[in-house]
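The values are calculated or read from the model by the stated rules, or taken from the named source; none is laboratory data. This is a predicted model, so every value here is computed, not measured. In this analysis, Cβ positions are derived from the backbone assuming ideal geometry, glycine residues included, and neighbour counts consider all displayed protein chains. The accessibility values were calculated without ligands, DNA or RNA, using every heavy atom of the protein model including side chains. Shrake-Rupley method; radii C 1.70, N 1.55, O 1.52, S 1.80 Å.
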Amino acid sequence: MTARDIAQRADRAGLRLVRFLWCGNDGTVRAKASGSNGLEGRLERGIGVTVGMQAMNGLDQLQPVPGMGPVGEYRLMPALETFRVLPYAPGSGAVLTDHCGLDGEPAPVCQRSFLKRMQARLAEHGFVLRAAFENEFSLARREGDEYVPVDSALCFSTIAMAAAQEYADALASALQEQWLPLQQYYAELGHGQQEISTAHAPALQAADEQLLVRETIRGVAAQQGLVASLAPKPWPDNAGNGAHVHFSLWEDDRNRFYAQGGLSELARSFIAGVLAHLPGLCGLTAPSFNSYHRIVPGYWAGAYGCWGYDNREAPVRVASPFRGAEEASTNAELKACDSSANPYLALGGLIAAGLDGVERKLEPPEPVDVDPARLGEHERARRTIRPLPGTQAEALDALAADEVLTAALGPVLAGSYLAVRRSEWAAYSAEDTEFEHQGHFEKY
């Protein structure tokens, strides 16, 4: 597909604006839009954006990152294959972008380019990571200064489904129109909480589609006068929202996680690498201040560093395959992930961690078949089951200390990312719960 093809398609669809989307170090989705006049040229040459945006945190506070101040520009260079007409935004389309320098080369801070690099490293071993996100989100009405859940029903309740049925139908339609295959939808545990899952895809496509799904969840809600929040802990006394990642390694049309009778050695080594780097990886997959109100024992978010077969209290769960489709359905799930993460960083970090396990031929510890919180401290210590970071600050410190992950990110991306996220920790730590709530509910 060429820039001219897209411009012509936009014209036929009557589009007046095309959003050039990106996700920055703060995990929020941002955009600049091109009008129809001059669209083809902008699709070819990009749109300029200040370098300072990559040093902006989730409170729009510019951080003192070297080379990311008021002087200088990146180009938002569109990935033309990602173009979509937006069914929830009349007259609008969207395309996902890379951050490039004025010379056309990927900027060292570009998160999407980081995932491309990690894909290329994995391809050197002959593998492709396929991934799928399960998004939990909270659907609410705004009443004055309060966000009120659309229901107070039970988990998987058809009463909750009925309360959100017009929204769910519009969401399914909008996803279908954008070629984003909806696999499952249901009402989850929390009041007003919904969950959808989409099809697995190669890592870059999965991350691209995750941004489009997040935008669609919120866009359809806004169209109906509702607010959809993907914040990790939207209300202090309600269930948290995860963005669980299901993943497996493929070689051509073969799922290399699968072996007759269970997991392959490759899968075990990849999982061992993820577990070895999980504290630092949390700095990328559960990176917000709000994330650590979700990752606590007893809420099926995975608060202890372990893995298990169908253990929903383990942050890495190996899902049971489906009878008759064992190879196709063998996968692992990372539960310590939420939608405050930049999906390019989350999947790129996952590849870097897992690949380290593969290259070093690591062996995972014994799987855990009980709730690790019930084992007691002595037994957890004996089995080297340690708590995951308990705060955003701990996760970011673990990331900064992880030489494999920081080397994969590179100094510019790692340094700017840590500066942005640490500034959020400082800002939210100085304020109260209401400030945190307001700062996350409508930003993720």
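The phi torsions of segment 93-110, fed into the Karplus equation with coefficients 6.51, -1.76 and 1.60 and a -60° offset, translate into couplings of x, 8, 9, 8, 9, 9, 8, 10, x, 5, 7, x, 7, x, 6, x, 8, 5 Hz, rounded to whole numbers, with Gly and Pro shown as x.
Ellipticity at 222 nm from helices only: DSSP H runs of n ≥ 4 in the chain, each -39500 (n - 2.57), divided by the residue count, give -11000 deg cm²/dmol.
Heavy-atom surface analysis with a 1.4 Å probe gives the chain a carbon and sulfur content of 51 percent of its accessible area. Less than 5 angstrom separates the built amide H of residue 244 from those of 134, 136, all sequence-distant by 5 or more or on a different chain.
Bridging of residue 32 to lysines at a Cα separation below 28 Å is possible for 116, 443, once same-chain residues fewer than 8 apart are set aside.
Largest GNM mean-square fluctuation among 130, 382, 218, using the chain with Cα springs under 10 Å: 382. Annotation: amide H of residue 191 within the under-5 Å range of 239, sequence separation 5 or more or interchain, hydrogens built in the peptide plane.
The mean of 1/r over all pairs of different alpha-carbon atoms in segment 265-353, once inverted, gives a Kirkwood hydrodynamic radius of 13.4 Å. Normalised by the number of residues in the chain, the average gap of Cα pairs under 8 Å and 6 or more apart makes the relative contact order 17 percent. Summarising the label geometry, the points placed 7 Å from Cα in the beta-carbon direction at residue 386 and residue 145 lie 4.2 nm from one another.
Using the 1.4 Å probe convention, the accessible area of the chain works out to 41 Å² per residue with neighbouring protein chains retained. Take the Cα radius of gyration of segment 162-315 and divide it by 2.2 N^0.38 Å, N being the number of residues; the result is 1.15.
Compactness check for the chain: Cα Rg over 2.2 N^0.38 Å is 0.94. Once the Cβ-Cβ distance of residue 2 and residue 223 is raised to the sixth power relative to R0 = 30 Å, the FRET efficiency obtained is 0.45. Applied to segment 354-366, the Karplus parametrisation 6.51 cos²θ - 1.76 cosθ + 1.60 on θ = phi - 60° returns per-residue 3J(HN,Hα) values of x, 5, 4, x, 5, 5, 9, 6, 5, 10, x, x, 4 Hz, with x for Gly and Pro. Need the C-alpha centroid separation for segment 265-306 versus segment 1-73, integer Å. Using only Cα atoms to place each centre, the spacing works out to 32 Å. Couplings for segment 130-143, taken from phi via the Karplus curve 6.51 cos²θ - 1.76 cosθ + 1.60 with θ = phi - 60°, read 9, 9, 8, 9, 9, 9, 9, 8, 10, 9, 9, 10, 8, 10 Hz in order; Gly and Pro are left as x.
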